[in-house]
Amino acid sequence: MSLKSIILDLFGPPAEPDPPAPPARPAPPARAASPSRPLDPGAGTEAGVLAVLRRHGAQHQRVMFTRNRRTMISVGRDRSLLRMHVAFAHADEAVLAAVAAVYTPGISARKREAAKRVVRAFIRTIPADRLAARPLRRRLHPADRAQVERMQAVFDQVNRASFGGRLPRVPIHLSRKMRSRNGHFSSHPLEIVISWRLCVHGAAGEAEETMRHEMIHLWQYIEGLPVDHGPVFRRAARRLDVHPRATRPVRWKRG
């Protein structure tokens, strides 16, 4: 599976399809927006892209361009901010209309899935050198060696017991910067990162549960499944005694 195929998994698990609609007279084909047609007086800028999105029903108040190679589009916590990879600055109006549809409440699941396909098709046209991640240089803190070995032992035991040893033995790292997350699975580079804070200060079993969570994502990846928290993840999570959601409450050591 390529980097782009993972990047395309932006929107979470597929929505349930709508029930079949009754036969209707075919509508004339819609005219696609011309890529060369100016989108707005400020096209190519955050303000210009926002104007196009709002024209197509988006309710966001701000657009921010990023160079995040993993998450091409995301919504801010207050829902008013839409972060987009800078490649969308010159997307044609049909693509931006599809982005607006993906994030507009109330549209049908069928229309939302069609919009996602348009966005994914656009992402596939972005030159690979704009998406390739720079190799990370991770250095093992001398005090972390015992915790990394502990997590590696958990990985090996769960791999044998629950995955028949099929998972590749990927690098395992601890992050001392990770604050809002407990762990992270990456496909490029292929690795699992666990929060140092969770390993050191989490109650017994907390870091181990996070490792099992990330191992499910590794399994999804090598099986060619969407790396998400949808129904497949939830079934595997219940089997591995993992909280079946993206986030969970954490118990911390006392004192």
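The values are calculated or read from the model by the stated rules, or taken from the named source; none is laboratory data. Source: prediction; values computed, not measured. In this analysis, Cβ positions are derived from the backbone assuming ideal geometry, glycine residues included, and neighbour counts consider all displayed protein chains. These area figures cover heavy atoms from the full protein model, side chains too; ligands, DNA and RNA do not enter into them. Shrake-Rupley method; radii C 1.70, N 1.55, O 1.52, S 1.80 Å.
Summary of computed values
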read-out	value
Cβ pairs under 7 Å, 6+ apart, first in the range 174-193 and more than 23 Å from Ala143 (Cβ to Cβ), second among the charged types (D, E, K, R)	Phe185/Glu214
Residues of the range 208-231 classified as without any contact (Cβ under 8 Å) to a residue 60 or more places away in the chain, part of a helix (DSSP H, G or I) and either open to solvent by 30 Å² or more (accessible area, probe 1.4 Å) or not acidic (Asp, Glu) (or both), total	11
Which numbered condition Gln152 fails, given (1) more than 21 Å from Leu240 (Cβ to Cβ); (2) in a helix (DSSP H, G or I); (3) more than 20 Å from the chain's Cα centre (by Cα); (4) not hydrophobic (A, V, I, L, M, F, W, C)	(1)
Test: Leu167 is touching a helix residue (DSSP H, G or I) at 6+ places or on another chain (Cβ under 6 Å), open to solvent by less than 40 Å² (accessible area, probe 1.4 Å) and either assigned to a loop (DSSP other than H, G, I, E, B) or closer than 30 Å to Arg79 by Cβ (or both)	yes
Among residues of the range 93-117, those that are free of Cβ contacts under 8 Å to residues at least 60 places away in the same chain and either surrounded by fewer than 18 Cβ atoms within 10 Å (Cβ to Cβ) or in a loop (DSSP other than H, G, I, E, B) (or both), counted	8
Search result, residues across the range 171-187 that are surrounded by 19 or more Cβ atoms within 10 Å (Cβ to Cβ) and either out of contact with any strand residue (DSSP E or B) (no Cβ under 9 Å at 6 or more places or on another chain) or within 14 Å of Leu218 (Cα to Cα) (or both)	Ile172, Gly183, Phe185, Ser186, Ser187
Verdict on Ile194 being assigned to a loop (DSSP other than H, G, I, E, B) and open to solvent by less than 10 Å² (accessible area, probe 1.4 Å)	no
